[in-house]
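Data block below; observations after.
The values are calculated or read from the model by the stated rules, or taken from the named source; none is laboratory data. Everything quoted here is computed from the prediction, not taken from an experiment. Note: accessible area is taken over every heavy atom of the protein model, side chains too, but ligands, DNA and RNA are not part of it. Shrake-Rupley method; radii C 1.70, N 1.55, O 1.52, S 1.80 Å.
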Amino acid sequence: MSDSSEKLYGLQDLLIDEFINRIQSGEASPSDLNAARQLLKDNQISATVTNDNPMANLVSMLPFDDEGVDRVAAK
């Protein structure tokens with residue numbers, strides 16, 4: 001692995017650690033959360049909604065009107 005590649009992987013590790021620290025501490029700003037979301041998306045990280053995982057809890061808390069929309073996860 002080249003020195004540049006090692007530096008990029010190291011930078012990514014530091015960035016991920018910083019996102020984790022900010023989110024866990026409750027100090028993450030909306031832009032921090034968006035940047036973390038984008039990092040996950042850019043690295044093809046996704047989640048499937050099922051009735052027994054935290055994603056379903058998040059979906060149930062969102063203030064959207066579901067009328068006429070098919071649900072991915074049934075309650």
(message) Through the Karplus equation 6.51 cos²θ - 1.76 cosθ + 1.60, θ set to phi - 60°, convert the phi angles of the stretch 56-61 into ³J(HN,Hα) values in whole Hz; use x for Gly and Pro.
(response) 4, 4, 5, 4, 5, 8
(request) Using a 1.4 Å probe over the heavy atoms of the protein chains, calculate the carbon and sulfur portion of the accessible area of the chain as a whole percent. (result) 56 percent
(request) Per residue of the stretch 33-50, in order, report the coupling 6.51 cos²θ - 1.76 cosθ + 1.60 (Karplus, θ = phi - 60°) as ³J(HN,Hα) in whole Hz, putting x for Gly and Pro. (result) 5, 5, 5, 5, 4, 5, 4, 4, 4, 4, 9, 6, 9, 9, 10, 9, 7, 10
(message) Nearest 500 deg cm²/dmol is fine: what mean residue ellipticity at 222 nm does the chain get from its DSSP H runs of n ≥ 4 alone, each adding -39,500 (n - 2.57), divided by its residue count?
(response) -19000 deg cm²/dmol
(message) Please compute the length gained on full extension between Glu6 and Asn53, using 0.36 nm multiplied by the number of residues separating them and subtracting their Cα-Cα distance.
(response) 13.5 nm
(message) Between (1) 3, 13, 16, 17, 17, 10, 9, 7, 4, 2, 2, 0; (2) 3, 16, 28, 25, 17, 8, 2, 0; (3) 3, 12, 15, 19, 18, 13, 8, 5, 4, 2, 1, which entry matches P(r) over Cα pairs in 5 Å bins from 0, in percent as derived from the coordinates of this structure?
(response) (3)
